[in-house]
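Below is one structure, written out as structure tokens; comments come after it.
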Amino acid sequence: TPVLKSGWNLLGNALNVALDVPALYGTSINPVPGVSDKVASVWKWDTSSGSGTWAFFSPKLSATALQNYADARGYLVLSSIAPGEGYWVNMTDAADLTLAPQTGTASFTWTSSAYSNLPSSWNLIADGGSRTPHQFATTVSRNPPPTSGVPTDNFVSLWAWDPIQQTWYFYAPSL
């Protein structure tokens, strides 16, 4: 059950089911009480085009206004967030927002085969596993690391945003 703070919040879908963005955050026609009025926008980095682009959603805009806004900026309209994808939510209200509990069949965890299908570039992902960054690096590695080593063949860095502390956590396997 995510709790969002005023400003930018980095979230992820760690479930094995896609999140329906309009249902979760509401629309201008069907607002979600206590949610739609506090959320300015929802963003996801979409790598399906190969080079990547932003997908955008705002519960405050009509479907036509949303499409026009996205088209004018070269964005996609965000409608769902797949398992394992990360996304941003920009809150306009200073009050905390607790989203409705999100349920799925199980937690989504990245494996080496799923991870190797990500395009080479910037990816915003989520993982439902409870692993250290080193354990994550070992799990998604294409080649098992030496017994005491750290795999460096899979990513340059991992970042996590802590909205309560208003700070980033950083991990680089090469350091």
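The values are calculated or read from the model by the stated rules, or taken from the named source; none is laboratory data. As the structure is a prediction and not an experimental result, all values here were calculated from the model. As a convention, Cβ positions derive from the backbone with ideal geometry for all residues, glycine included, and neighbour counts pool all protein chains shown. In case anyone asks, the SASA skips ligands and DNA or RNA and just uses the protein heavy atoms, side chains included. Shrake-Rupley method; radii C 1.70, N 1.55, O 1.52, S 1.80 Å.
Residues whose amide H lies under 5 Å from that of residue 28, counting only those 5 or more places away or on a different chain, are 61; hydrogens are built 1.01 Å from N in the peptide plane. Note on the chain: with a GNM built from Cα contacts shorter than 10 Å, the maximum mean-square fluctuation among 84, 26, 74 falls on 74. For residue 46, nonlocal amide neighbours, meaning residues 5 or more places apart or on other chains whose placed amide H falls under 5 Å from its own, are 53, 54, 55. Across the chain, the relative contact order, built from alpha-carbon pairs under 8 Å that are at least six residues apart, equals 28 percent.
Taking the C-alpha atoms only, the angle from helix 63-73 to the longest principal axis of the chain is near 50 degrees.
With a 1.4 Å probe and all protein chains left in place, how much of the accessible area of the range 92-140 comes from carbon and sulfur atoms, in whole percent?
Carbon plus sulfur share of accessible area: 53 percent.
Distant-in-sequence amide contacts of residue 128, defined by a placed amide H-H separation under 5 Å and a gap of 5 or more residues or a different chain, comprise 108, 109, 110. Calculated FRET efficiency, residue 118 and residue 68, Cβ-Cβ r, R0 30 Å, to nearest 0.05? My answer for the efficiency is 0.45.
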